[in-house]
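Report on one structure; see the data block that follows.
Readers should treat all values here as calculations from the given coordinates under stated rules, not as data from a laboratory. Everything quoted here is computed from the prediction, not taken from an experiment. Glycine also receives a Cβ, built like all others from the backbone with ideal geometry; neighbour counts cover every protein chain displayed.
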Amino acid sequence: MNGKVSIIGAGAVGATLAHRVLESGMADVVLLDIFKNIAMGKAMDLSDASPIVAHERGITGTDDYKAIESSDIVVITAGLPRKPGMTRDELVSKNAGIIKDVALKVRANAPSSIVIVVTNPLDVMTYLTYKVTGFPKNRVIGMAGLLDGARFIYLIANELGVPRSSVETYILGSHGDTMVPLISNTKVGAKPVTEIMDSGRLEAIVKRTRDRGAEIVSLLGSGSAYYSPSAAVFKMIESILKDKKETIAASAYLEGEYGLKDLYIGVPCKIGAGGVEEIVELDISAQEKAALAKSAEAIKAINRLLK
Ligand code: APR
């Protein structure tokens, strides 16, 4: 396989993702940051590990967008992470400026790439990237639902003492306070979760899932989660490069699916070589539909602030 993945932003998420992609052997990597030395230093360090880990892939650290030319995938992690007590939405104006600049350069230098956005507030920054690049909707995707779902699965499995692999779920909606865990589609060992857990216990886990990112932010003191976000992006990259067409919850552009349009929001997507190849419309309860509509309103209110 002749993959090339460029990562914009060589911070915690970007560098951890570079590590995962490079050592998987799936692709060569370009790590780009406005702070050129940081990108170069991390690329050098990762290169030095290659004889030990035994791979022949290459990584370049740079601040020059020419290096991202002919990338299959460009991942945007550039931006500021949340500070303790800060909501993802408060990041909007600062990160919007960064995303506009980065998206224009991606459009100019890697016009055929599939773009995965990680910068928060996720659904808003993905929408902005779509608008600024002018790329078709299937080639701009936001990473979030897979991560939120993984947090939910981990907490359910832990609570019940069952293998994580026995829990199935999707989290839709915004990557934020209005995320929508699909209880109606959550199963443990093929049984509906509602037959296994009472609603109080389940509600407590939903709340912990929703607050998990903020809990990590406050424990770290500076910066936000990066091991699990990079794992989620890696899984999306793998599904694209290997054309696996896996159904993964991700932020996608809707044109009427789930009764919503003209926004990016978390929904189950079939992800393959073409990016988002299909939006999967699951049967969801009326309550979940209403929660999704509320989440969409919250995203649109912030989208309207973008100029
Ligand atoms: N162009 C390129 N790189 C930039 C730019 C820019 N215009 N602006 C900032 N950066 C770089 C920073 O120099 C830094 O190295 O983006 C990197 C961000 O890294 P961190 O501060 O470590 O943030 P990280 O934890 O990686 O999170 C990045 O992902 O999960 C989200 O909320 C999180 O929006 C945040 C993003």
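Things worth noting here:
- Label zone at Ser199, where the point sits 7 Å out along the Cα-to-Cβ direction: the stretch 282-303 residues whose backbone N lies under 13 Å: 287-288
- Degrees between helix 92-109 axis and first principal axis of the chain (Cα, 0 to 90, nearest 10): 50
- For the chain, the dipole from Cβ point charges (+1 on Lys and Arg, -1 on Asp and Glu) about the Cα centre works out to 480 debye, to the nearest 20.
- For the peptides 142-155, 228-241, 24-37, 292-305, the ranking by mean Cβ contacts within 10 Å, running from highest to lowest, is 142-155, 228-241, 24-37, 292-305.
- The long axis of helix 199-220 is offset from the longest Cα principal axis of the chain by roughly 30 degrees.
- Which of Lys94, Lys4 has the fewest Cβ neighbours within 10 Å, and the rest in rising order: Lys94, Lys4
- Gap separating the Cα centres of the stretch 251-307 and the stretch 139-158, nearest whole Å: 15
- Couplings for the stretch 71-85, taken from phi via the Karplus curve 6.51 cos²θ - 1.76 cosθ + 1.60 with θ = phi - 60°, read 5, 6, 9, 10, 9, 9, 10, 5, x, 9, x, 5, 9, x, x Hz in order; Gly and Pro are left as x.
- 0 to 90° range, to nearest 10: angle between helix 122-133 axis and the chain longest Cα axis: 50
- Only the Cβ atoms of Lys and Arg (+1) and of Asp and Glu (-1) were treated as charged; on that basis the dipole of the stretch 203-307 about its Cα centre amounts to roughly 360 debye.
- Each peptide in 135-141, 196-202, 173-179 receives the mean, over its residues, of other Cβ atoms within 10 Å, and ordering these scores from highest gives 173-179, 135-141, 196-202.
- P(r) for the stretch 158-307, from all Cα pairs and a bin width of 5 Å, is 2, 8, 15, 19, 20, 20, 12, 4, 1, 0 %, short bins first.
- Debye log10 I(q)/I(0) for the chain, one point scatterer per Cα, at q = 0.11, 0.12 Å⁻¹: -0.64, -0.76
- Rounded if a/c under 1.5, otherwise prolate or oblate - the stretch 233-307, Cα gyration tensor axes: oblate
- Put a plus charge on the Cβ of each Lys and Arg, a minus charge on the Cβ of each Asp and Glu, and nothing anywhere else: the dipole of the stretch 1-127 about its Cα centre is then about 320 debye.
- Spatial separation of Cα centroids for the stretch 54-103 and the stretch 30-44, in angstrom: 12
- Once the chain from Asp211 to Ser50 is taken as fully extended at 0.36 nm per residue, the excess over their C-alpha distance is 54.2 nm.
- Converting phi to 3J(HN,Hα) with the Karplus coefficients 6.51, -1.76 and 1.60 and the offset θ = phi - 60°, the stretch 192-198 yields x, 4, 5, 7, 9, 10, 6 Hz in sequence order, with x at every glycine or proline.
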